[in-house]
Amino acid sequence: MGETAVELPQLPPEGRAAVAATYLDLLARAQSPLLATESLVPELLAQLDAVLDIVGLCVPGDDGVLRELRTKASARPEVNTGIGSRRAAAGVNPTESLLAAGFIFQAALPTLAREWQRAGVPQSELTAALALNWAIAWRMSHAATAYVEHVLGRTQQAHQDERRRVARDLHDEAAHAVGLGMQYLELSLTHLPQGGPAVEQLARTRAALVDAVGTIRGLSAELRDPLDAQSLVPALLRYLETRGGSVPVRVEVHGDVDALPASHAQEFYLVLREAIHNALRHARAGSVDVELSMADDVLSAQVTDDGCGFETARVEAAHDGERIGLTSMAERVELLGGVLTITSEPGRGTTVMIRVPRPGRLP
């Protein structure tokens, strides 16, 4: 841990060629699908070259290694971030990337250790192994982030398409059917003697249907309410402005909370909106506080109400149909690699905590 950072000898061209040949041979013997996609083969060799560039930078274990590695890695962003999304688009399972990374280590270690021993590097084999481990882990972390972003984007698009379909069905089918029932009621009211009990009952029924139409249209609007071009905070404020109701909601923001990419921000917004919706609709709260903050590359949100609260153990044990909102929130947060925590007691209100790491944050 106390070593001085030094630049280690880079492999000569013939050494790199030998490592590349061994690497491709290992992939071929494993029948890796990465070799089956012609466009991915140049990336495999570029990734190998990038790893070999980095291992000659520092002695792993020095306090400045990560900083130096980041500087070196950022010099080739096209290899660093694009490879994961391109492999995802090609339908390559991420386990194949892990196996390929292992083959880089297996192919490069003997040659690196031998060359560094000739150059007089102390503990050449251990130093080479540690350097390769750092370099491969660094490259893999960024490739994995790009892969997750690609898959999350496709998943989110499927979610949005399904929400739009349900919104259309609610607006075009359900609302239309209820509206048609209202018309029949109004026609019946014109043919009944005024002031009778039947008229009063039908009038109350009509009022209930009017409320139902409003609810259906509100649900349809919420389902059609993606972030679009808006960022997280403006979208949240727009939702609060249009929600109606008399319960005050206070919003406090700290840091650059709009630093999440659009795909993550969309899912985060839906979780946050559900938490606020639950507080306003079910908690019988007198006030709701929402706090958003970005610190240490983690976006946090806390929704606190002073409502009736509930027994969390009872809700967790309830049938899926009774806790579908909470289940959906938990699944979305898990998809983002975050943590959802709900604390509540009867008569003491509820607090919902959401923590989601920014994709690609430095370890």
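The values are calculated or read from the model by the stated rules, or taken from the named source; none is laboratory data. Just so we're clear, the structure is a prediction, and the values are computed from it rather than from any experiment. Every residue, glycine as well, gets a Cβ built from its backbone with ideal geometry; the counts of neighbours run over all protein chains shown.
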Does segment 88-101 include one or more residues that are at pLDDT 85 or above and over 26 Å from the mean Cα position of the chain (by Cα)? no
Filter segment 179-220 down to the residues that are of a type in the set (Ser, Thr, Tyr) and modelled with pLDDT under 75 and list them by number. SER220
Anything in segment 253-279 that is surrounded by fewer than 19 Cβ atoms within 10 Å (Cβ to Cβ), among the hydrophobic types (A, V, I, L, M, F, W, C) and more than 13 Å from the chain's Cα centre (by Cα)? List them, or say none. VAL253
Result of the Cβ filter at 8 Å on segment 183-200, keeping first residues that are assigned to a helix (DSSP H, G or I) and partners that are surrounded by 11 or more Cβ atoms within 10 Å (Cβ to Cβ) and of a type outside the set (A, V, I, L, M, F, W, C), at least 6 apart or interchain, is LEU185/THR205; LEU185/ARG206; GLU186/ARG206; LEU189/ARG206
Candidate set: segment 117-131, residues that are in a helix (DSSP H, G or I) and in contact with a helix residue (DSSP H, G or I) (Cβ under 7 Å, 6 or more places away or on another chain); chosen: the one surrounded by the most Cβ atoms within 10 Å (Cβ to Cβ): ALA131
By residue number, the members of segment 7-47 that are outside any helix (DSSP H, G or I) and either free of Cβ contacts under 8 Å to residues at least 40 places away in the same chain or more than 27 Å from GLY120 (Cα to Cα) (or both) are ALA30, GLN31, SER32, PRO33, LEU34, LEU35, ALA36, THR37
Cross-chain or 6+ apart pairs with Cβ under 7 Å, segment 221-245 first and modelled with pLDDT of 65 or more, then of a type in the set (Gly, Ala, Ser): LEU223/ALA167; SER231/ALA265; LEU232/ALA265
Determine which member of the set GLU267, GLU291 is touching a Lys or Arg at 6+ places or on another chain (Cβ under 8 Å) and among the charged types (D, E, K, R). GLU267
